[in-house]
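Asks: Dropping a structure here in structure tokens format, bear with me for questions.
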Amino acid sequence: MNKITSLGTHFGPYRIESDGDEVIAVHGHELDPHPSGIGQAYVHRSALRVLRPSIRQSWLQDGPKARRGRRGNEPFVEVEWDRAIDLLSEELKRVQGDYGPEALFAGSYGWGSSGRVHAPSALLFRLLRMCGGYTDVWGTYSSSAAEAIVPYILGMRYHAAIGRGTSWSVIDKHTDLFVTFGGLRRSNTEVTYGGQGTHHTADWMEKAHGNGTEFLNIGPIRDDIDSQINSRWQPIRPGTDVALMLACIHTLLVQRRIDDDFVNSYVHGWERFAAYVLGDTDGLPKSAAWASGITGIETDTIKNLADEMSRRRTLINVGLSVQRADHGEQSYWTATALACALGQIGLPGGGIAFPFGAQGNVGAGQVRKRVPGIPIPPRPEGPPIISVSRFRELLDCPGATYNFNGQTGRYPDIKMVWWAGGNPFHHHQDLNELSAAWERPDTVVVQEPFWTPTARRADIVLPSTTPLERNDLGGAENMLISHGRAVDPPGYALDDYQILEMVAERMGVKDQFTEGRTADQWVEVLYEIFRAENDWAPSYEEFREVGYLRYPEMNEMGENEQVFLAEYRSDPTVHPLGTPSGRIELWSETIAQFDYDDCPPHPTWMEPFERLGGEGSERWPLHLVSNQPTVRLHSQYDHTEPSQGSKVAGREPIRIHPQIAEERGICHGDVVRVYNDRGSCLAGALIDDSLMPEVVQLSTGAWYDPDADGMCRAGNPNVLTRDKGTSQLAQGPSAHTCLVDIERFEGPAPRVESYDPPRFADHE
């Protein structure tokens, strides 16, 4: 008889049916009304599993003195676990002893597991902080610009603002106009960092629409919002949202429709900001006519939008896509300024929201409940912290200085990179530059279940288990989920906990690392900590048997009535914000002191390094949107169904407007070459009129597969994007500022090789 186990993931809960050796079926959880199809990837038993510890051949022969330029281009040698751990531990001791902990980079950025015990990055950080530390990172590739600017605007962390955000139940009852910059894509709401619970966002959107909420999608792609809610679409050139927002504020100013009571009582720096918008400070009024030339939107349309927002209860939403661009900080700051001008912040159904349409926990109506994880010691003093997306610069520019969020630092000389869960050869920009920088460290270590592009470019590869192959627990907005071991791991794969326990023993910190517990014992300990904080929780045995528990105060996501900044509006003296002024800051003295030329102290339109209608567009006439895929989480399980089932001509599909396709002689299903000065890739053509003609859309996540000239055969858009920080404030990724051209690929298209196993040698 097959057994049924539960599993929590970033894309929702499931019931796994297995026979002990194989996954037979993946079933949606009985509490989930809309299970994500991404979970079907777990049915696939892949030939790309890392089955044994593997060492790059020349590194095994010569150690860290091995020739550069060979990563990804030579065979691996499979070895026993003891030898692999010995080699790794000896190298760790050498690097720390000869160069100090700052010479070790522990990246491990990625959504490796939603479990609280088997979170690879947390386990790695726990171990390495016990061993002296490492160069660390701040922020995320998803939201760095927002994470940096929101505390200066609102005096709270970005993720705290999400937890306090207006709930769907309030939107349903009170919002007349839901204006979203950067889309409101349903597929994005299937996923949440840390673990997604049941999926209710689509139901709430349809309910709100049925009760009179009108959705306005301002962006370059019409179907960035579900067709079921019959939204309006206002096309706009990518990267020009700030100009539109400023023009709306300008219109309200000149028509004397600003809510003066609100800006005088709740906003710091309004006068200075308004002077900029009117052109008093720089001689350039940010009028509707001015913005029309930048955005491609007619002047009267801009004025009418400002008028409409001021007459209706309006919620302004800012997605993550608009801040993943050059000067991305300004999109969140200016959107907040627009909401201030309307005076609806803190009112039910009005004000500012972010980032609906980016992940599934937004609009949940509560701050995410704490689910304890394995404790991580404090970060040791000494090794620096860089913005997460400056990783390539870190490798490439030892000794160079950098500015970051008010601090000035110097990049250390990285001798060793250790990655546990994650795939930088998916999410980093300008992958050809990264490939070159990747050769600089002496040693690269990767813990991975699969032969990803990153694992192929490692010196030491350690086979780890997947969530299907271990016990764990994880939380979501409305439930705690027990993860049950459905199948045994293949080959010699071990849990990340077991791997790091062996390293800890070699480093003399095993007792400290394990605290005398196995991984399964940690699962029970963490649950008991949770139960002590929530006396309604059942026994551990009952929790494991049922497979989940629901939070009694939160039966359905979004039903709690919560209004963002309602307390602040009710009395800003009693409930001040955490900013220096205690108010919403549209002028930041702190940022002014940084004196950054790319991040002024108030919301500002700043010309991006390239855009349609501006710099670079004569040579590169198309704007590339590289959004999140609908068939996988980032690059996870790209080698399995359903991701492989979405491919066109064996590679990632690119959406092209019929006009552009006709001009270039491209037909549906053709292999096309997408290119600019930074690189090129091949993709499969999908002809679609859901985009502006000058825009093409190629999702992230195809497994990087460069040929000898660096052209990615699989269709990863990050061979085309520029590796530039948003500004010196956040230093976040600016992938959505990217111009390209496209052409039909002539002749036989080269085969994609990134889904083949690597080569192995029989001996050293």
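The values are calculated or read from the model by the stated rules, or taken from the named source; none is laboratory data. Values in this document were obtained by computation on a predicted structure and should not be read as measured data. Cβ coordinates were reconstructed from backbone atoms using ideal geometry, including for glycine residues, and neighbour counts include every protein chain displayed.
Asks: Out of all the residues in segment 474-528, which are of a type in the set (Ser, Thr, Tyr), over 30 Å from Gly363 (Cβ atoms) and within 27 Å of the chain's Cα centre (by Cα)?
Replies: Correct list: Tyr497 only.
Asks: Being modelled with pLDDT under 95 and surrounded by fewer than 20 Cβ atoms within 10 Å (Cβ to Cβ) narrows it down to one of Glu541, Glu589, Glu567, Glu559, so name that one.
Replies: Criteria check complete, one pass: Glu559.
Asks: Based on what the data block shows, is Phe543 assigned to a loop (DSSP other than H, G, I, E, B) and aromatic (Phe, Trp, Tyr)? Walk me through it before giving the result.
Replies: Details: assigned to a loop (DSSP other than H, G, I, E, B): no; aromatic (Phe, Trp, Tyr): yes.
When the stated conditions are applied, Phe543 does not pass them.
Asks: Now for a separate question. Among what's in segment 382-426 and is touching a residue at least 40 places away in the same chain (Cβ under 8 Å) and among the β-branched types (Val, Ile, Thr), pick the residue that is farthest from Ser142 (Cα to Cα).
Replies: This residue is Ile414.
Asks: Mind telling me which of the residues His200, His159, His174 ends up being surrounded by fewer than 22 Cβ atoms within 10 Å (Cβ to Cβ), out of contact with any strand residue (DSSP E or B) (no Cβ under 7 Å at 6 or more places or on another chain) and within 30 Å of Arg15 (Cβ to Cβ)?
Replies: None of the other options fit; the residue is His159.
Asks: Give the residue that is nearest to Glu80 (Cα to Cα), with candidates limited to residues of segment 483-494 that are touching a helix residue (DSSP H, G or I) at 6+ places or on another chain (Cβ under 8 Å) and surrounded by fewer than 24 Cβ atoms within 10 Å (Cβ to Cβ).
Replies: Tyr492
Asks: Let me ask something additional. For segment 6-36, enumerate the residues that are touching a His at 6+ places or on another chain (Cβ under 8 Å) and not small (Gly, Ala, Ser).
Replies: Leu7, Pro13, Tyr14, Arg15, Ile16, Glu17, Asp32, Pro33, His34, Pro35
Asks: Can you name the residue in segment 221-231 that is out of contact with any Asp or Glu (no Cβ under 7 Å at 6 or more places or on another chain) and either part of a loop (DSSP other than H, G, I, E, B) or of a type outside the set (Gly, Ala, Ser) (or both) and is also surrounded by the fewest Cβ atoms within 10 Å (Cβ to Cβ) among such residues? It would help to see each step written out before you state the result.
Replies: Quick first cut of segment 221-231, residues out of contact with any Asp or Glu (no Cβ under 7 Å at 6 or more places or on another chain) only: 221-227, 230-231.
Subset that is either part of a loop (DSSP other than H, G, I, E, B) or of a type outside the set (Gly, Ala, Ser) (or both): 221-226, 230-231.
Working: Ile221: 23, Arg222: 19, Asp223: 17, Asp224: 26, Ile225: 24, Asp226: 21, Asn230: 10, Ser231: 21.
Looking at residues that are out of contact with any Asp or Glu (no Cβ under 7 Å at 6 or more places or on another chain) and either part of a loop (DSSP other than H, G, I, E, B) or of a type outside the set (Gly, Ala, Ser) (or both), I get Asn230.
Asks: Assess whether Leu622 counts as being over 15 Å from Arg272 (Cβ atoms) and in contact (Cβ under 8 Å) with a residue 12 or more places away in the chain. Steps first, please.
Replies: Numbers: over 15 Å from Arg272 (Cβ atoms): yes; in contact (Cβ under 8 Å) with a residue 12 or more places away in the chain: yes.
Criteria met by Leu622.
Asks: Further question: Name the residue that is nearest to Gly582 (Cα to Cα), counting only residues in segment 136-151 that are more than 15 Å from the chain's Cα centre (by Cα) and crowded, with 23+ Cβ neighbours inside 10 Å.
Replies: By that ranking, first place goes to Val150.
Asks: Being surrounded by fewer than 23 Cβ atoms within 10 Å (Cβ to Cβ) and more than 23 Å from Arg126 (Cα to Cα) is the filter here; which residues of segment 412-431 pass it?
Replies: Correct list: Asp430 only.
Asks: Right, another one. Report whether or not Gly269 is among the small types (Gly, Ala, Ser) and farther than 18 Å from Gly343 by Cα.
Replies: For Gly269, the condition - among the small types (Gly, Ala, Ser) and farther than 18 Å from Gly343 by Cα - is not met.
Asks: Phe564 fails exactly one of the following numbered conditions: (1) among the aromatic types (Phe, Trp, Tyr); (2) more than 26 Å from Val362 (Cβ to Cβ); (3) assigned to a loop (DSSP other than H, G, I, E, B). What is the number of that condition?
Replies: That leaves (2) as the condition not met.
Asks: Which of the residues belonging to segment 700-747 are on the phi > 0 side of the Ramachandran plot and in contact with a strand residue (DSSP E or B) (Cβ under 7 Å, 6 or more places away or on another chain)?
Replies: Gly715, Gln731
Asks: Among the residues of segment 519-533, is there at least one that is outside the structural domain of Glu694 (by TED's automatic domain parsing), among the small types (Gly, Ala, Ser), surrounded by 15 or more Cβ atoms within 10 Å (Cβ to Cβ) and assigned to a loop (DSSP other than H, G, I, E, B)? Steps first, please.
Replies: The initial filter retains those residues of segment 519-533 that are outside the structural domain of Glu694 (by TED's automatic domain parsing), namely 519-533.
Next cut, among the small types (Gly, Ala, Ser) only: 519, 532.
Still in the running and surrounded by 15 or more Cβ atoms within 10 Å (Cβ to Cβ): 519.
If we keep only those that are assigned to a loop (DSSP other than H, G, I, E, B) too, we end up with none.
No, there is no match, as no residue in segment 519-533 is outside the structural domain of Glu694 (by TED's automatic domain parsing), among the small types (Gly, Ala, Ser), surrounded by 15 or more Cβ atoms within 10 Å (Cβ to Cβ) and assigned to a loop (DSSP other than H, G, I, E, B).
Asks: Grab the strands (runs of 3 or more DSSP E) fully contained in segment 134-220, keeping just those with 2 or more residues being modelled with pLDDT under 95. Walk me through how you get there before you give the answer.
Replies: On the way: elements: 136-138, 177-181, 214-218.
Fully inside segment 134-220 and qualifying: 136-138.
Asks: Which residues, taken from segment 1-27, are over 22 Å from Asp638 (Cβ atoms) and not polar (S, T, N, Q)?
Replies: Result: Met1, Lys3, Ile4, Pro13, Arg15, Glu17, Asp19, Gly20, Asp21, Ile24, His27.
Each row is one residue, and each column tells you yes or no for (1) under 23 Å from Asp705 (Cβ atoms); (2) in a helix (DSSP H, G or I); (3) under 32 Å from the mean Cα position of the chain (by Cα); (4) at pLDDT 95 or above.
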{"site": "Gly63", "(1), (2), (3), (4)": "no, yes, no, no"}
{"site": "Gly69", "(1), (2), (3), (4)": "yes, no, yes, no"}
{"site": "Asp82", "(1), (2), (3), (4)": "no, yes, no, yes"}
{"site": "Asp86", "(1), (2), (3), (4)": "no, yes, no, yes"}
{"site": "Glu90", "(1), (2), (3), (4)": "no, yes, no, yes"}
{"site": "Lys93", "(1), (2), (3), (4)": "no, yes, no, yes"}
{"site": "Asp98", "(1), (2), (3), (4)": "no, yes, no, yes"}
{"site": "Gly112", "(1), (2), (3), (4)": "yes, no, yes, no"}
{"site": "Leu124", "(1), (2), (3), (4)": "no, yes, yes, yes"}
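Asks: Which condition number in (1) in contact with a helix residue (DSSP H, G or I) (Cβ under 9 Å, 6 or more places away or on another chain); (2) more than 26 Å from Pro33 (Cβ to Cβ) is the one that Gly183 fails?
Replies: (2)
Asks: If the Cβ limit is 6 Å and pairs must be 6+ apart or interchain, which residue in segment 640-663 that is on the phi > 0 side of the Ramachandran plot and not assigned by TED's automatic domain parsing to the domain that holds Trp451 pairs with which residue that is modelled with pLDDT of 95 or more and not in a helix (DSSP H, G or I)?
Replies: Hits for this filter: Ala649/Val671; Ala649/Gly684; Gly650/Val752.
Rundown of residues vs (1) of a type in the set (Val, Ile, Thr); (2) within 23 Å of Glu190 (Cβ to Cβ); (3) surrounded by 15 or more Cβ atoms within 10 Å (Cβ to Cβ), yes/no style:
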{"residue": "Met1", "(1), (2), (3)": "no, no, no"}
{"residue": "Thr5", "(1), (2), (3)": "yes, yes, yes"}
{"residue": "Asp32", "(1), (2), (3)": "no, yes, yes"}
{"residue": "Pro35", "(1), (2), (3)": "no, yes, yes"}
{"residue": "Arg45", "(1), (2), (3)": "no, no, no"}
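Asks: Of all residues in segment 384-438 being more than 23 Å from the chain's Cα centre (by Cα) and of a type in the set (Gly, Ala, Ser), which is farthest from Gly679 (Cα to Cα)?
Replies: Gly406
Asks: Restricting the search to segment 339-375, which residues are at pLDDT below 95 and β-branched (Val, Ile, Thr)?
Replies: Within segment 339-375, Val362, Val367, Val371, Ile374 meet the criteria.
Asks: Does segment 599-618 hold any residues that are among the acidic types (Asp, Glu) and farther than 18 Å from Ile236 by Cα, and which are they?
Replies: Initially, segment 599-618 is screened for residues among the acidic types (Asp, Glu), giving 607, 610, 615, 618.
Across segment 599-618, the qualifying residue is only Glu618.
Asks: Would you be able to say whether some residue in segment 434-449 is surrounded by 21 or more Cβ atoms within 10 Å (Cβ to Cβ), on the phi > 0 side of the Ramachandran plot and assigned by TED's automatic domain parsing to the domain that holds Thr135?
Replies: No, segment 434-449 has no match at all.
Asks: Any residue in segment 455-471 that is modelled with pLDDT of 95 or more sitting within a Cβ distance under 6 Å of a residue that is part of a strand (DSSP E or B) and of a type in the set (D, E, K, R)? List the pairs, counting only those 6 or more apart or interchain.
Replies: Every condition considered, the pairs that remain are Ala455/Glu448; Asp459/Arg56.
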